[in-house]
Every structure is written in C-alpha cells, then in structure tokens.
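Working notes, structure below.
The values are calculated or read from the model by the stated rules, or taken from the named source; none is laboratory data. All of these numbers come straight from a predicted model, not from anything done at the bench. Cβ placement follows ideal geometry from the backbone for every residue including glycine, while neighbour counts extend to all protein chains displayed.
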Amino acid sequence: MRFLKFLLLFITIQVSAQQGGMWIPSLLEGMNETEMTNLGSKLTAKDIYDVNNSSLKDAIGHFNGGCTSEVISDQGLILTNHHCGFGQIQSHSSLENDYLKDGFWAMSLDEELPNESLFIEFIVRIEDVTTQVLAGVTDNMTEKEKQSLIDRNSNTYQKTVAKEDWQDTKVKSFYEGNQYFLFVTERFEDIRLVGAPPTSIGKFGSDTDNWVFPRHTGDFAMFRIYADANNRPAKYSKDNKPYKPKHFLPISLDGVEEGDFTMVFGFPGRTAEYLPAVAIQHITEEFNPTNIAIREAALKVIDAKMKESDAVRIKYASKQARIANAWKKWIGENLGIEKSDAVTKRRAFEATFTKALKEKGLEDKYGNILSDFDTLYKDFAPINIKRRNFIEVFLVTNELMQMTFRAYQMEEAIKADPENFEKVKARLVGTLQGIHKNYDVGVDKGVFNNVMPFYNKNVETSIYDKTAFTNLDQALKLLEGNAKDVLKKLNKDAAYKYAKPLIEDFYNNIDKEYQEKNQPITALQTKYMTALMEALPNARYFPDANSTLRVTYGQVRGYSPRDAVYYNPVSYLDGVIEKYVPGDYEFDVPEKLLELHKNKDFGQYADSNGKVPVCFLGTNHTTGGNSGSPAIDAHGNLVGLNFDRVWEGTMSDMNYDPEICRNIMVDVRYVLFIVDKFAGATHLIDEMKLVHPKTNKQ
Ligand code: ARG
Ligand code: GLU
C-alpha cells in the first residue's frame, strides 16, 4: 500500500487530479490545466499566463528577491507577509515609534514610508531557450567548459531579445540543467510601507507556533508600488505616482471550504525533489543535526537577552527570526523524513528506476548513476558538513566573526589589486555600519562563546575586550589611512588575528575541497534527471524551485499528524483568544482585538458560521520564497496569503507527500477584518475590489 502511494506520486496517469509540483506558468496547457479542472478550477491556462492580454501573472511580484507579493488594487496596493516586510517595519521603528509592537497604518498616500533598496519584480514573459543555450554543448566537454559555453550562449542570446529599455532579462536553468528559460522582467524600486499589524497579530505565536498548525497568525503587511509619470519603474521620487497595474486580484469575501480548489502563485526559492536516497540520508542524519545544534546554541543567548531588554529585542528581532526559522524547519524536516519512511521509499523508487533501465536497454548508458552517487556522497559528506558549519558560525550566527570575514575579503581584494582599496574599503564600511545598526556586544560575545566550540576548540572570548570591531567608531578608525597602514592595523587586531587563519583555511582548503567534490555530484544529478525522463517517460516531472515564478495547486484539506489526531483545515479568531496569555512575548493579544471578539464586531468578515476565519490549510506544494504568495480560488480571486507549512510536511522540499504536506495560508477575510475593524484603515478597503463568487451577492 505504501509502495503504491509512492508510485502514485512519481508515476501517474495524467488525467487524474494530481497534486504536488511547482509548475512553469507558461506551460500549463494540457496536463496541468486538466488536473486543475479536476480539482475544481474554473480557470484556463490563459487566465493564468498570457503574453498578449493581461492575466493573473501580472499581479504577482517577486518581493525583494526572497518573498512573493500581489497587487490588490488599481493603485498599486501590495499585499505580502508581515515576516517579508519585517526588515522594513523594523527599520522605521524606534523606541518612540515602535511599529513592530504597535503596528503602522498610513492614513493617506503622503504618510506611506519609502524603503531604500526594496524592490518588486514582475514577469513580462517567459521563453524556452534550451536550444540556444545548449548550442554546441557536447558530452565530451568538461563541466567547466560546458558551463562557460552555456554562460556565453545565454549572454549572447539575451542581447538579441526584444524588450523595452526599462525591462531586464535573465536566463535560468531547469530540470538540473536539462532545460533553460528566459525571463523578461520589470523591476519597481519605489515601494512604500502602507500598513502592518502589531507583531502580536502579524507574528502571533512567534517561534512556538512557527511551522505548526493549528495556527493563528495574521502574517500580512501592505506596501504600495510607485511609478514615474509614464507608469514605469523609477527610483524613489516624491513626484512618483501609485502604479497602475496590468492586473490586480479581486478579493473574495466568500472564502473556501474543505475540498475547494486553491492555487498558489509565487516565487518558490529552492527544492531538491530528485535526490537519491543516499543524499536524503546524508542531509537528515548528518548535515541537519550539526547545523541545528549551532543555531540552538546561538538562540539560547539571543532569546534570553531579547526578553531582558526592549532595546535588544528591537535590534535583534529580524536576526533572531532568521536564525530560528531554519532551525525549526530542519527539525521538522528530519521528523517528516523519518516518520514517512522517505529513505526506504526512495530506495524502492530507485529499484523501479533500475528495473526500467534494464527493460529499456539503458543500463550501459545510466546503470552506474546510483552507485556513483553512493561513492560520491560518502566522499562529500564530511567536507559538506565542515563547510556549512563554518558558514553557520562565521556568517549566520556570530557577528564579530562576520566582520572579520568581510575584512579578510577586503584584504584579499587589496592584495589582488591595490587600486581596489577605496572601493573595497567603502564596501566594508557599509557592512560594518549595517551590522552596528543593530549590534549588541553582550549578545554577540555570548553567541561566540556558545557557537565557536562547534567549529574550533580554541574559544578565545578575550578577543572581545581587545578588538576594534565591536565598536563602530573604533572599527572605522582602523580603516583610516592608506592601504598599507590599514592592513597593518587590521593584522594587529585581536579578533582579526584570531579569525584570519580559520578564514584562510576555509578559502584555501575547505571551500576548495567542497567545490571539487560537489561538482561531480551536480553533474551526476543532471545526468540522473535525463535518465529518469528517459527510463520513466510517463512520470510527472516538475522542475525544482529556482526562485522563478511557479504555479502550484491543490485543495483545502486538513490532515492527520499522528494516530487519532485530525487537524481541521480552518482556524478561527476564537482560537486566538484560547491561546491568549496576557503580557506574553508570543501570545499576547491587543486590547482592541479582544474587544472586537467580545462584541462580535466582525463586520462583513465572518464566515457563514458567524466566526472570523484566521488561517487555513491546503495541499499546495510550496517552499521558502512562497511567503506572501496569493492563494487564489477557482475563479481567480484572492482568498488567502501563503506564509508557512506544517511541521510534519517541511520535508516537502525533498519529498512531497500529499498525505501530510500542507501549506498554511492566512484567510484574506482576517486580513481585511484587521485592516478595517482593528486598524480603521477603511480607505484601503475602499480601494480594493471585493467580490462574492459563491453567493453572488453584490
Ligand atoms: N516559517 C515561515 C517561513 O518559513 C515564517 C517565518 C517567520 N515567522 C517566524 N515566527 N519566524 O519563513
Ligand atoms: N515562510 C516561508 C517563506 O518565507 C514560507 C514557508 C515555506 O517555507 O513553505 O517563504
């Protein structure tokens, strides 16, 4: 039975209502369109992606390169997650104007807050350019030769592409380098903060509830795109005007219920769905555990200090969230892989693959792939762990080590070419200023103490009392003078002296060995993908996520995380009140919200059962980067905002299992309820288009 389920996932009959996969929006005609219809969709492939007419894709923007956002009014109003706009909300916050704590609402256009370097990018069109990019590539080239020809072909082709002056192009690899697509894009750079709920709504439940269901987080924030007088992308200017989009999403007040079709349209970051069993084992049994331990050690310090001081809380809010997020995800990923017996199932699949190779006479061509993976991964595992541990300690958790790392890069750049001095010094100054904007030496020293033992036995905490880097003025002073003086002072600095040999070892040995051992694995993965498609041509292959625009679809569904437990797919405001712990840093509830609940003052936002829905679950196959993606109903209306997955299902990055993998969305009616009833920002509601597709009310 188990085996059967697994087969269903990989080798499927194409007409049934399959789920899972992140599909290329320009290629939905045929199989995907049929599957979507079978799941209840009324949309055509052209409604979703059309080059000649406006379509849903014109409302979907890549938010700052890492999240997704969507246009929800004809005046460029944008919806994304609170955690996606967190950095911007934080940067406008201070102890006096604590927008993290109290929320922020611009009551008119001139109160909307500009954000330096924030951007939103739309996809104008997508083209298959595999032939052009792979022209001249042959099997007897080395991997390096192949890659440089691919890069050259891709650059040459991009120069010939028809596009407007203000548009850009990029080429991305799909199916592990078996296909290439070109994207013509439009990037807007004047993006202003319009509104955000208090953290007690936008991040309700914080780390305790992160990655889990039942969930009650109102994880949303609003921005607005501004464009120049011709409605084109432009740098910030007070003369810019709200952007008039090609399409914006109408918002359904009717919601969805269990079994209803949903589609999530966004920019998933990275998945690895076609790994061999040996790789899944390496990741979950060896790689994840050490990285989990390092982050846990860092969080112990950061969490404690954030609770002690509001100043530290504001400074470290964003950083803490980033560290804690992947930490908890990896734990869930390991649990899911183990619980669903993913390794055993992947081995069973590999047996099917091997059998197909035999039957099709492909053994000579591909018969060694799996055993080669075994050999390569065995050799690769220790260096992969070591390299990642370095990154976790030097670049993710400890800030002093990060500063020395950037200083080392400056030194190397100067040595390579003294002419670089001013440029690379300026870059380092920028980095140091950025870190010190939110730096607390007490926190960082504690983190150093806790994480360094995972990488280096010699933990010299005393460097904190001697180095210039823990104080911005002193650090900048160290960078005064000519190149020679600067390098001399730098090499006398206690922290730099401590870190430099470790960083040198990283560059000269660790990273080098990692690259050498990783390259054949990447090449073999490309070959494996080719082999899979040849040996099992009727399977349902979708390309791994690569931060490009994708469609994933499914239905609203609850799930059973363990024996005798079933999670309903919808949570309600009542559940927020159930979780309420007065004054708690994770589960406090704003007074106003308690009052609205008590008075049942729900406006038009309650469900037919009289309750305000907060979050709901679906079988949409999402990953990091899908945060802020719209959940769209059968008719193309916005019904929710994707922001998370359930813990048991975070393994979907390697192993999507429709039984327990669920994405978590905030119901758009909760968003509107907060905007309207809680914040009183009714002018924003007025600018949206609210519809009733189920009840046909006007
Ligand atoms: N887990 C979600 C995502 O992967 C939400 C993260 C933000 N929330 C938080 N409590 N840290 O990014
Ligand atoms: N919260 C994630 C993000 O920032 C989405 C959740 C996931 O990884 O599925 O993109």
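Looking only at region 563-579, filter to residues that are touching a Pro at 6+ places or on another chain (Cβ under 8 Å) and among the aromatic types (F, W, Y); which one of those is nearest to H597 (Cα to Cα)?
Y572
Find the residue count for region 283-314, including only residues that are more than 17 Å from W327 (Cα to Cα), in a helix (DSSP H, G or I) and of a type outside the set (A, V, I, L, M, F, W, C).
5
For region 329-341, give me each residue that is at pLDDT 95 or above and either within 17 Å of V441 (Cβ to Cβ) or not β-branched (V, I, T) (or both).
K329, W330, G332, E333, N334
Kindly state which helices (runs of 4 or more DSSP H) lie completely within region 389-457 and contain at least 1 residues that are closer than 18 Å to A324 by Cα.
Counting at least 1 such residues, we get 399-416, 441-451.
Please enumerate the residues belonging to region 635-663 that are hydrophobic (A, V, I, L, M, F, W, C) and buried (at least 22 other Cβ atoms within 10 Å of the Cβ).
Correct list: L638, V639, L641, F643, V646, M651, C661.
Assuming S608 fulfils every condition listed in (1) away from ligand 2 (no atom under 16 Å from the Cβ); (2) at pLDDT 95 or above; (3) under 19 Å from K677 (Cα atoms) apart from one, which condition is it?
(2)
Just to be sure before I move on: is K527 of a type in the set (D, E, K, R) and closer than 30 Å to S371 by Cβ in the structure I sent?
Taking the combined requirement at face value, the residue satisfies it.
If we keep just the residues of region 177-231 that are away from ligand 1 (no atom under 16 Å from the Cβ), touching a residue at least 60 places away in the same chain (Cβ under 8 Å) and in a loop (DSSP other than H, G, I, E, B), which is farthest from the chain's Cα centre (by Cα)?
Among those that are away from ligand 1 (no atom under 16 Å from the Cβ), touching a residue at least 60 places away in the same chain (Cβ under 8 Å) and in a loop (DSSP other than H, G, I, E, B), it is N178.
Taking interchain pairs and intrachain pairs at least six residues apart, which have beta carbon atoms under 8 angstrom, with the first residue in region 417-438 and within 22 Å of K315 (Cα to Cα) and the second surrounded by fewer than 17 Cβ atoms within 10 Å (Cβ to Cβ) and aliphatic (A, V, I, L, M)?
V429/L476; L432/L472; L432/L476; Q433/L472; H436/L472
Is there a residue being over 30 Å from the mean Cα position of the chain (by Cα), part of a helix (DSSP H, G or I), surrounded by fewer than 19 Cβ atoms within 10 Å (Cβ to Cβ) and at pLDDT 95 or above anywhere in region 522-534?
Yes, that holds for at least one residue.
Is it fair to say V581 is more than 16 Å from ligand 2 (Cβ to nearest atom), surrounded by fewer than 18 Cβ atoms within 10 Å (Cβ to Cβ) and hydrophobic (A, V, I, L, M, F, W, C)?
yes
Count, please, the residues in region 42-83 that happen to be within 12 Å of ligand 2 (Cβ to nearest atom) and hydrophobic (A, V, I, L, M, F, W, C).
2
Please name all residue pairs, on different chains or six or more residues apart, with Cβ atoms under 7 Å, provided the first residue is in region 670-696 and is acidic (D, E) and the second residue is modelled with pLDDT of 95 or more.
As it stands, the answer is D676/G603; D676/T682; D676/I685; E687/S73; E687/Q75; E687/L77, since those pairs meet every condition given.
Can you tell me how many residues in region 465-481 are in contact (Cβ under 8 Å) with a residue 60 or more places away in the chain and either assigned to a loop (DSSP other than H, G, I, E, B) or touching a Pro at 6+ places or on another chain (Cβ under 8 Å) (or both)?
3
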